[in-house]
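Notes for the one structure printed next.
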Amino acid sequence: FAKVLLVPDIVLSLKLELESLNRQGVLFALRKDVEKATNNFDIENIIKSTSKLTSKIDYLDTVESGKLDLVLTDREKLIKEKLSAFKGVKVVVTDRLHGMIFSAITNTPCIVLPNSNHKIKGVYDCFLEKYEFIHFFDKVDLDKIVSLIDEYLSDNKEYHVNLDDSFNRLSGELVNE
């Protein structure tokens with residue numbers, strides 16, 4: 001019989017050197033495809049309310065369509081640019097799995113909205129729910145989301161995700177095979 005282990009997305013094992021940053025503003029990393037589950041009206045209301053709290057709002061997609069032929073050095077540069085965007089803000093609002101994961105590995109507070117395939121909810125429930133700075137919303141609660149964004153914009157606490165136990169268990173099993 002095959003042994004099966006539930007382990008986090010391997011990206012969550014990435015250890016980044018996080019120099020002291022002057023984090024500013026909010027980053028929206030939201031879907032525009034068929035997996036989007038939050039309606040445009042709710043997204044527009046979150047953005048509109050956020051713009052009353054900060055003038056620094058950025059938008060980013062974690063997917064680079066049409067760039068599959070990038071050489072390795074270009075891929076690394078692109079990933080570093082994306083991670084820098086996450087490291088440079090006070091809070092991220094996302095409905096993308098890797099938006100949540102990039103927030104976690106850059107220790108950036110994150111508001112997570114659902115998507116249509118429930119992958120993001122599954123990873124959150126299994127591995128990230130215990131971290132106080134990552135918040136999953138099954139449905140949009142505008143007042144609570146805006147309150148959290150406001151809280152993180154004025155917050156200077158440091159946050160950390162550590163899933164070493166999960167990855168150590170996996171590496172132990174690989175070594176024993």
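For the range 132-154, the candidate set comprises residues that are under 18 Å from the mean Cα position of the chain (by Cα) and more than 18 Å from residue 89 (Cα to Cα); within that set, the residue that is most open to solvent (accessible area, probe 1.4 Å) is 139. Flag set for residue 118, criterion: free of Cβ contacts under 8 Å to residues at least 60 places away in the same chain and either buried (at least 20 other Cβ atoms within 10 Å of the Cβ) or out of contact with any Phe, Trp or Tyr (no Cβ under 9 Å at 6 or more places or on another chain) (or both). Can you find a residue that is at pLDDT below 95, polar (S, T, N, Q), exposed (fewer than 15 other Cβ atoms within 10 Å of the Cβ) and not in a loop (DSSP other than H, G, I, E, B) anywhere in the range 69-79? Checked the range 69-79: at least one residue is at pLDDT below 95, polar (S, T, N, Q), exposed (fewer than 15 other Cβ atoms within 10 Å of the Cβ) and not in a loop (DSSP other than H, G, I, E, B).
Being open to solvent by 80 Å² or more (accessible area, probe 1.4 Å) and in contact (Cβ under 8 Å) with a residue 60 or more places away in the chain is the filter here, so list the residues in the range 23-38 that pass it. Of everything in the range 23-38, those that are open to solvent by 80 Å² or more (accessible area, probe 1.4 Å) and in contact (Cβ under 8 Å) with a residue 60 or more places away in the chain turn out to be 24, 34. Taking the range 12-45 as the search range and keeping residues that are part of a loop (DSSP other than H, G, I, E, B) and of a type in the set (Gly, Ala, Ser), which one is modelled with the highest pLDDT? Taking the candidates together, the pick is 25. Taking the condition in contact with a Ser or Thr (Cβ under 7 Å, 6 or more places away or on another chain) and small (Gly, Ala, Ser), does residue 2 pass? No. On the stretch given as the range 31-50, residues that are among the hydroxyl-bearing types (Ser, Thr, Tyr) and out of contact with any strand residue (DSSP E or B) (no Cβ under 6 Å at 6 or more places or on another chain) total 2. Selection of the range 48-63 for residues being farther than 15 Å from residue 99 by Cβ and either in a helix (DSSP H, G or I) or open to solvent by 40 Å² or more (accessible area, probe 1.4 Å) (or both) yields 48, 49, 50, 51, 52, 53, 55, 56.
The values are calculated or read from the model by the stated rules, or taken from the named source; none is laboratory data. As the structure is a prediction and not an experimental result, all values here were calculated from the model. With ideal geometry, Cβ positions are generated from the backbone for all residues, glycine too; neighbour counts draw on all protein chains shown. The area values use the complete protein model at the heavy-atom level, side chains included, leaving out ligands, DNA and RNA. Shrake-Rupley method; radii C 1.70, N 1.55, O 1.52, S 1.80 Å.
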